[in-house]
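Below is one structure, written out as structure tokens, with a few remarks after it.
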Amino acid sequence: MRTCANWQQASSGSRRPCTPNQSMWFYGLQLPLTLGQNFTAAAYSASQQYPTLEDHKSAVTVSQNTLPNISATGDAVKKRRVDAKRDSSDENKKKKIDADVLEMPELESNSNQKKEASESGAPKSTDFIHVRARRGQATDSHSLAERVRREKISERMKYLQDLVPGCSNTTGKASVLDEIINYVQSLQKQVEFLSMKLAAVSPPIECNMQSFMGREVCGSSAWDYNAQSLQDGLYPRKGNGACSFMVALAMASFMITAGSLKSSTGVLITVDKLGRGNFMKIQDAIDVVPSNNSVHVLISIKPGVYEENVVIPEDKPFITLKGEHTKSTIIRWDGRWKAADKTTLFIQASDVVVKQLTVQNEYNLTREGAIAVRVSGDRVAFFSCRFLGIQDTVLDDSGKHYYWKCYIEGATDFICGNGKSLFQNCALHSTSTYGGAITAHRRKMPTEDTYFIFRHCKITGTKGGRAILGRPWGSYSRVVFAYSYMSSVVLPEAEAAIKKYQFDVVVKNVSRLSHPKPIVTVNGRFPGPTIYAREGDRVVVNVTNHAQYNLSIHWHGLKQFRNGWADGPAYITQCPIQSGNSYSYDFNVTGQRGTLWWHAHILWLRATVHGAIVIMPKQGVPFPFPQPHGESVLVLGEWWNSDVEELVKQGNALGLPPNMSDAHTINGKPGPLFPCSDKHTFVTEVEWGKTYLLRIVNAALNDELFFAIAGHNMTVVEIDAVYCKPFTTSAILITPGQTTNVLVTANQAPGRYFMAARDFNDAPIPVDNKTATAILQYKGVPDTVIPVLPQLPAQNDTSFVDTYSNSLRSLNTPQFPANVPLTIDRHLFFTVGLGRDPCPTCLNSTKLTASINNVTFVMPKIGLLQAHYFNINGVFKLDFPDKPPAPFNYTGAPLTANLGTSLGTRLSKLAFNSTVELVLQDTNLLTVESHPFHLHGFNFFVVGRGVGNFDPAKDLAKFNLVDPPERNTVGVPTGGWTAIRFRADNPGVWFMHCHLELHTMWGLKMAFVVENGNGPDQSILPPPNDLPPC
């Protein structure tokens, strides 16, 4: 059936449709319209809905009214005749002119007319007088008529040129006609869609939930939504209609939207890859739907395999894709993670329905996502569909979505995203052999109203395969399984979370302070990626070293119970990963939650190779402080304009420290107080009245730092991944290696406020005293507002440091007790300080060194843990002294003579489960200085600190044995001491060292060997197969 676009004006001013089986004519061109059926004009309002067609409506009307010789049926063309009686020269001229003007049915009509006249034998007319005319003027009446005819044709051609956009500048009749033809064809495509839109004889698409979701969904057999069900809340009622309040809200959102549509008819478009429909490709059918569509468009897809990437843009809502059956109607594509042209079906629009389709992504590598369907529009529903992939099969990105009787298949995270979605009566099939995850929800903040709900679903898997129900993609992921069948493929809760990460160590060019240089990074990022896990999870990080340096990664603060092989310090628990090789760090997160961090543990590579670790509490366990509305990770660091490793080599050659850093950084950016650094400024946005959690890490190599926020106080709630008693402060002190979590409430006048970090130094040594800044910016405040600077403590403000340090206390509640050892099995007293050793090639023939109990630690050539585990002799000695060789006035006048130290790889042995008290005493060898000490494999309690020499007679009585702060890194004050206690219940070899990289390099380090216990879970685990060789 054809549809005519040649509408006629009715007396009332409304349009009426033309007769079926007509065609559209433009100046003799017959253009058939094949789409659509027969439509009414009742729902048509081009002026309101489709201005593109309305803009050109006058083109059709004017063509009809100003060209009386041209009718829509072609009759006017056939009535025109040219007298056949003329001499041969005139006739030849006429034919040439006509051929130049148009190759159209008119020529055929004239030719036929002449043929008829010839065949009838009629004599030629000679009723005219030859008159000699002036040059250029026709006197023959036929010639005059021909001239008038040509002038009219030229006039109408000119008029058509003016009607067609861009045609008035075209020269040559053939080119003009090409432009007109193209324009008319574009109008035809618009008329095609309008015709389908106005269909009256096609079955209407009813705008109610029954037609969208099917009777089986909206009927009372599956859902029973009424006032009572809403009142019931989360408690299910008896009967088939029982559901949760959240489910009711999810379904109600669909109903309200569908009920708001007023139209009762829609557009039907047929897609058939065999060419028996309106289009052969699904995307072509979607493309014909105009922007800002407001009517229901049903795209009926006939059986076949459609090899294409389908996108429903955001501005094309109210589309339904309906296949014949999932077995016969298949959309297939081969693409990887997330790009629109790599996803098989990407639904960006809202109010979309998909029925009875199979959507498959054939990309078959498991280390990258292969998305079959990605949904970012709101109010999208799927009925009886199949989604096939391996990783990230269904990316339920954002919005409210509903899945009914769908089959979803994949191996890892094959239902993921941050949608608010209900999966009802669906089949989930895992193809994972082991360790795969079914879901990965990405709820990042506690205020987000998003979740996955699976109700009356069935979970199956490959024979012999195992999978977990889900793993969090965001910090506040939320997934509910209710009334669902789970086969043996589902792993029990104890095994229910394996977080896998890939760390590629690569060199990347990075510029700060207008100094570009190559730096070593993880995954090309500076700082590196944040690791997210939950208490009780297993974490596997595969590190592949593509850099020129051998390297290892330390997971700072993780206890690594019985598993020193995953701790990471080079030549202590492993040999470094050589360039071109890989090693998988495989460890469990046991009994810990909060903020920790990871970093390179060889040379000075941690200057750029570092990142945060965020450990969430177990599911259902809240924070012991008010729930924040959002959170940010702030990693404090340092930047050198020159290559750090080259600076270290130069310093070692001279026996002196290398140059200090050129800037401090916050998340790798120095901030606008440094030249050429406006674009290198970290900004975090907040909303007025809301509270945020800041996870602060000091990854600096050599500087203790103050941190403050202009105009805002902070509440300290956690240190080194241990909850503490909350207290409010205007600034914090954080040493290298430490982490601190603070709550900040956005309660000031909306604006932009600097967050600043600057060095704390109360020793007579040069340090980098420049201030790094980031910006806390209130939502809606423009970037042009100049931020306010905070008032940081003075650089040597020891009074503030003492007050702040004394405010740190363990939470010590029944849920989070402080198990401080009260009886001690082993008392240790370690003096720490600097020294000078001979160096014939160095400046002044000496080099700076450092020691503990006068022992400068010498790094071995193989891992100490390997030597201990395999009983390899000659690698180390177990004779590290418990106290210094001779007592002296440790913090008296500076000692500048007899500063030599003994060298050796000497370790201290601890019995399993013994309790240890260790006093760390600063000394004035060369100078007093603060030292942040980190103990691997353990947390400890900081039971006391003071200035001067430790005096057991009076200082022991001052120890806090009730709620001392629990940490993994502690600062020894300048010219003072710190006392810690811990229980040696983790067998292995564990490093302890100053976390100032300069001091560690000079030998301020040692290690403990903790013996195995007698129980089955009290011995070191066997080494992994891929442990790097030396």
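The values are calculated or read from the model by the stated rules, or taken from the named source; none is laboratory data. The shown structure was predicted, so the numbers you read here are calculated from the model rather than taken from an experiment. A quick note on method: Cβ atoms are made from the backbone with ideal geometry, for glycine too, and the neighbour counts reach across all protein chains shown.
Taking strands (runs of 3 or more DSSP E) that fall entirely within the range 931-1030, which contain at least 1 residues that are closer than 24 Å to L605 by Cβ?
Strands (runs of 3 or more DSSP E) meeting the threshold: 931-935, 969-972, 988-994, 1005-1010.
Filter the range 866-880 for residues that are in contact (Cβ under 8 Å) with a residue 12 or more places away in the chain and more than 19 Å from T1000 (Cα to Cα) and give the result.
Once the filter is applied, which keeps residues that are in contact (Cβ under 8 Å) with a residue 12 or more places away in the chain and more than 19 Å from T1000 (Cα to Cα), the range 866-880 yields Q866, H868, Y869, V875, K877, L878, D879.
Only one of T681, T745, T691 is surrounded by fewer than 22 Cβ atoms within 10 Å (Cβ to Cβ), among the β-branched types (V, I, T), touching a residue at least 12 places away in the same chain (Cβ under 8 Å) and under 29 Å from V644 (Cβ atoms); which?
Testing whether each residue is surrounded by fewer than 22 Cβ atoms within 10 Å (Cβ to Cβ), among the β-branched types (V, I, T), touching a residue at least 12 places away in the same chain (Cβ under 8 Å) and under 29 Å from V644 (Cβ atoms) leaves just T681.
Suppose we filter L865, L903, L918 for residues that are within 49 Å of the chain's Cα centre (by Cα) and in a strand (DSSP E or B); which single one remains?
Within the list L865, L903, L918, the selection yields L918.
Residues checked against (1) surrounded by fewer than 21 Cβ atoms within 10 Å (Cβ to Cβ); (2) of a type outside the set (K, R); (3) not assigned by TED's automatic domain parsing to the domain that holds L596:
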{"site": "N949", "(1), (2), (3)": "yes, yes, yes"}
{"site": "K958", "(1), (2), (3)": "yes, no, yes"}
{"site": "L961", "(1), (2), (3)": "yes, yes, yes"}
{"site": "G988", "(1), (2), (3)": "no, yes, yes"}
{"site": "H993", "(1), (2), (3)": "no, yes, yes"}
{"site": "L998", "(1), (2), (3)": "yes, yes, yes"}
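Table: residues versus (1) part of a strand (DSSP E or B); (2) aliphatic (A, V, I, L, M); (3) in contact with a strand residue (DSSP E or B) (Cβ under 9 Å, 6 or more places away or on another chain).
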{"residue": "R374", "(1), (2), (3)": "yes, no, yes"}
{"residue": "D378", "(1), (2), (3)": "no, no, yes"}
{"residue": "A381", "(1), (2), (3)": "yes, yes, yes"}
{"residue": "F387", "(1), (2), (3)": "yes, no, yes"}
{"residue": "L395", "(1), (2), (3)": "yes, yes, yes"}
{"residue": "S398", "(1), (2), (3)": "no, no, yes"}
{"residue": "H401", "(1), (2), (3)": "yes, no, yes"}
{"residue": "E409", "(1), (2), (3)": "yes, no, yes"}
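Evaluate the following for Y476: is it surrounded by 14 or more Cβ atoms within 10 Å (Cβ to Cβ), under 22 Å from the mean Cα position of the chain (by Cα), assigned by TED's automatic domain parsing to the domain that holds W604 and of a type in the set (S, T, Y)? Walk me through how you get there before you give the answer.
Values: surrounded by 14 or more Cβ atoms within 10 Å (Cβ to Cβ): yes; under 22 Å from the mean Cα position of the chain (by Cα): yes; assigned by TED's automatic domain parsing to the domain that holds W604: no; of a type in the set (S, T, Y): yes.
Spelling it out, it is not the case that Y476 is surrounded by 14 or more Cβ atoms within 10 Å (Cβ to Cβ), under 22 Å from the mean Cα position of the chain (by Cα), assigned by TED's automatic domain parsing to the domain that holds W604 and of a type in the set (S, T, Y).
Has the range 278-291 got at least one residue that is surrounded by fewer than 23 Cβ atoms within 10 Å (Cβ to Cβ), closer than 23 Å to D378 by Cβ and assigned by TED's automatic domain parsing to the domain that holds G399?
No, the conditions are met nowhere in the range 278-291.
Among the residues of the range 504-518, is any assigned by TED's automatic domain parsing to the domain that holds T544 and surrounded by 19 or more Cβ atoms within 10 Å (Cβ to Cβ)?
yes
Please specify each residue of the range 694-720 satisfying the condition of being over 15 Å from L634 (Cα atoms), surrounded by 18 or more Cβ atoms within 10 Å (Cβ to Cβ) and within 31 Å of the chain's Cα centre (by Cα).
L701, A710, H712, V717
For every residue, the table says whether it meets (1) touching a strand residue (DSSP E or B) at 6+ places or on another chain (Cβ under 7 Å); (2) within 25 Å of G937 (Cα to Cα); (3) not in a loop (DSSP other than H, G, I, E, B).
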| residue | (1), (2), (3) |
| --- | --- |
| N509 | yes, no, yes |
| Y532 | yes, yes, yes |
| G536 | no, yes, no |
| V540 | yes, yes, yes |
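Considering only residues that are part of a loop (DSSP other than H, G, I, E, B) and under 30 Å from the mean Cα position of the chain (by Cα), which ones fall in the range 271-292?
Residues satisfying the conditions are S291, N292.
For the range 527-538, check the following and say yes or no: at least one residue is closer than 23 Å to R442 by Cα, of a type in the set (V, I, T) and in contact (Cβ under 8 Å) with a residue 24 or more places away in the chain.
Yes, the range 527-538 contains at least one residue that is closer than 23 Å to R442 by Cα, of a type in the set (V, I, T) and in contact (Cβ under 8 Å) with a residue 24 or more places away in the chain.
Looking only at the range 766-806, how many residues end up being of a type in the set (S, T, N, Q), closer than 22 Å to P973 by Cα and surrounded by 15 or more Cβ atoms within 10 Å (Cβ to Cβ)?
2
Mind telling me which of the residues D985, D951 ends up being acidic (D, E) and under 26 Å from L596 (Cα atoms)?
Working: D951 fails: under 26 Å from L596 (Cα atoms).
Just one listed residue meets the conditions, D985.
Quickly run through the range 634-661 and pick out the residues that are assigned to a loop (DSSP other than H, G, I, E, B) and either of a type in the set (A, V, I, L, M) or surrounded by fewer than 22 Cβ atoms within 10 Å (Cβ to Cβ) (or both).
Residues satisfying the conditions are N641, S642, D643, G655, L656, P657, N659, M660.
Of everything in the range 419-464 that's among the β-branched types (V, I, T) and either in contact with a helix residue (DSSP H, G or I) (Cβ under 9 Å, 6 or more places away or on another chain) or part of a strand (DSSP E or B) (or both), which residue is farthest from A381 (Cα to Cα)?
So, considering only residues that are among the β-branched types (V, I, T) and either in contact with a helix residue (DSSP H, G or I) (Cβ under 9 Å, 6 or more places away or on another chain) or part of a strand (DSSP E or B) (or both), the one farthest from A381 (Cα to Cα) is T460.
For the range 298-333, which positions are out of contact with any Asp or Glu (no Cβ under 8 Å at 6 or more places or on another chain) and in contact (Cβ under 8 Å) with a residue 60 or more places away in the chain?
Residues satisfying the conditions are L298, I312, E314, T320, T326.
Any residue in the range 608-619 that's closer than 20 Å to T521 by Cα: show its pairings with residues that are of a type in the set (S, T, N, Q) and modelled with pLDDT under 95 at Cβ separation under 7 Å, as long as the two are six or more apart or on different chains.
Between residues of the range 608-619 that are closer than 20 Å to T521 by Cα and residues that are of a type in the set (S, T, N, Q) and modelled with pLDDT under 95, the close pairs are V614/S475.
Filter the range 844-867 for residues that are crowded, with 17+ Cβ neighbours inside 10 Å, of a type outside the set (A, V, I, L, M, F, W, C) and under 18 Å from H601 (Cβ atoms) and give the result.
Selection gives P860, G863, Q866.
Being surrounded by fewer than 19 Cβ atoms within 10 Å (Cβ to Cβ) and hydroxyl-bearing (S, T, Y) is the requirement here; does T841 meet it?
Here the answer is yes, as T841 does meet what is asked.
So which residues in the range 571-607 are free of Cβ contacts under 8 Å to residues at least 40 places away in the same chain and of a type in the set (S, T, N, Q), if there are any at all?
Let us first name the residues in the range 571-607 that are free of Cβ contacts under 8 Å to residues at least 40 places away in the same chain, namely 579-580.
S579 - this is the single residue of the range 571-607 that is free of Cβ contacts under 8 Å to residues at least 40 places away in the same chain and of a type in the set (S, T, N, Q).
How many of the residues in the range 748-767 are in contact with a Lys or Arg (Cβ under 9 Å, 6 or more places away or on another chain) and part of a loop (DSSP other than H, G, I, E, B)? Before the answer, list the steps.
The initial filter retains those residues of the range 748-767 that are in contact with a Lys or Arg (Cβ under 9 Å, 6 or more places away or on another chain), namely 750, 758-759.
If we keep only those that are part of a loop (DSSP other than H, G, I, E, B) too, we end up with 750.
Final tally of qualifying residues: 1.
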